[in-house]
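The values are calculated or read from the model by the stated rules, or taken from the named source; none is laboratory data. Source: prediction; values computed, not measured. Neighbour counts are summed over all protein chains in view; Cβ atoms, including those assigned to glycine, are modelled from backbone coordinates with ideal geometry.
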Amino acid sequence: MQTKIEKIDSSSALAIKIIEDQPEDRLDFLSFREKLSFYNISHAKKRKEWATSRIAIKDALDSFQIPYPGFFKDEHGKSQSMNGRGFVSLTHTFGMAAAIFHRDSPVGIDMDLIREKILSIGFRFLDSSELDFLEKDPLHYTLAWSAKESIFKCQGKRGVSFRENILLEPFEKDSKVIWGKIHGTDHDDHHFQVRTRIIDQTVLTYTIW
Ligand SMILES: CC(C)(COP(=O)(O)OP(=O)(O)OC[C@H]1O[C@@H](n2cnc3c(N)ncnc32)[C@H](O)[C@@H]1OP(=O)(O)O)[C@@H](O)C(=O)NCCC(=O)NCCS
């Protein structure tokens with residue numbers, strides 16, 4: 001199944017891919033270190049997710065004719081380019097994987113299945129001001145959750161709390177953009193514009209620093 005590539009602008013692209021078994025040679029582009037990581041994943045489903053999201057990154061890079069540099073995880077778990085050029089973020093959820101690449105700025109991407117049970121955990125990741133404007137609707141809550149995940153991944157540092165440090169401005173269920181900010185951390189406050197997309201029963205969000 002082909003990767004769906006979407007150029008966001010001249011510096012960034014989004015890649016979405018159905019998770020499926022990949023022929024072994026499809027992963028030849030991986031660095032030695034990445035191949036080691038891949039073969040160390042014992043769970044078959046996780047291996048498939050991992051591989052599909054790396055192919056999504058590769059396909060996004062191909063759309064700019066940029067060679068795949070290999071990526072390593074920093075101490076926070078964020079993927080960093082081995083040659084120090086370009087930024088990526090990736091996500092995998094039931095049946096789908098996605099990646100975003102940007103030449104110059106950190107990025108964050110997230111996908112989540114819309115599920116009823118998110119309504120019962122709102123108090124864990126939402127501030128009271130957010131609980132006030134959100135309808136008790138799984139789509140609205142999932143958009144809020146996913147926007148916070150994208151912001152979290154874009155900033156990349158562990159120890160940032162979804163409820164206490166990431167605050168969203170009021171938005172509607174059909175909003176294409178959600179504004180959010182990081183506050184109250186050791187790092188500078190920063191405002192993020194998060195783009196949203198609904199694909200079947202899945203929310204996709206992404207943000208560029
Ligand atoms: C790590 C975390 C970002 C992963 O998100 P997820 O929705 O479980 O899974 P996704 O498939 O969307 O994303 C996984 C990818 O995130 C990336 N990731 C992990 N840590 C990251 C970080 N600190 N910064 C950026 N990206 C990160 C990895 O590339 C990972 O994929 P990989 O393991 O194949 O390399 C998330 O679970 C997390 O820890 N969030 C912060 C903790 C928190 O506050 N949780 C909610 C409180 S109620």
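Brief remarks follow.
- Taken together, the residues in the range 36-65 that are out of contact with any His (no Cβ under 6 Å at 6 or more places or on another chain) and either outside the structural domain of SER79 (by TED's automatic domain parsing) or surrounded by 14 or more Cβ atoms within 10 Å (Cβ to Cβ) (or both) amount to 19.
- Within the range 10-30, restricting attention to residues that are out of contact with any Phe, Trp or Tyr (no Cβ under 8 Å at 6 or more places or on another chain) and in a loop (DSSP other than H, G, I, E, B), the residue that is nearest to SER81 (Cα to Cα) is SER11.
- For the range 128-142, taking the residues that are in contact (Cβ under 8 Å) with a residue 12 or more places away in the chain and within 14 Å of the ligand (Cβ to nearest atom), the one that is farthest from LYS78 (Cα to Cα) is identified as GLU130.
- Scope the range 3-30; condition of a type in the set (S, T, N, Q), in contact (Cβ under 8 Å) with a residue 12 or more places away in the chain and within 19 Å of GLN65 (Cβ to Cβ); matching residues: THR3, SER11, SER12
- Scope the range 148-207; condition among the basic types (Lys, Arg), closer than 19 Å to LEU126 by Cβ and either in contact (Cβ under 8 Å) with a residue 60 or more places away in the chain or not in a helix (DSSP H, G or I) (or both); matching residues: LYS153, LYS173, LYS181
- Of all residue pairs spaced 6 or more apart or on separate chains, those with beta-carbon atoms under 8 Å, a first member in the range 87-111 that is over 15 Å from PHE71 (Cα atoms) and a second member that is more than 9 Å from the ligand (Cβ to nearest atom) and of a type in the set (Lys, Arg) are MET96/LYS17; ALA97/LYS17; ALA98/LYS17.
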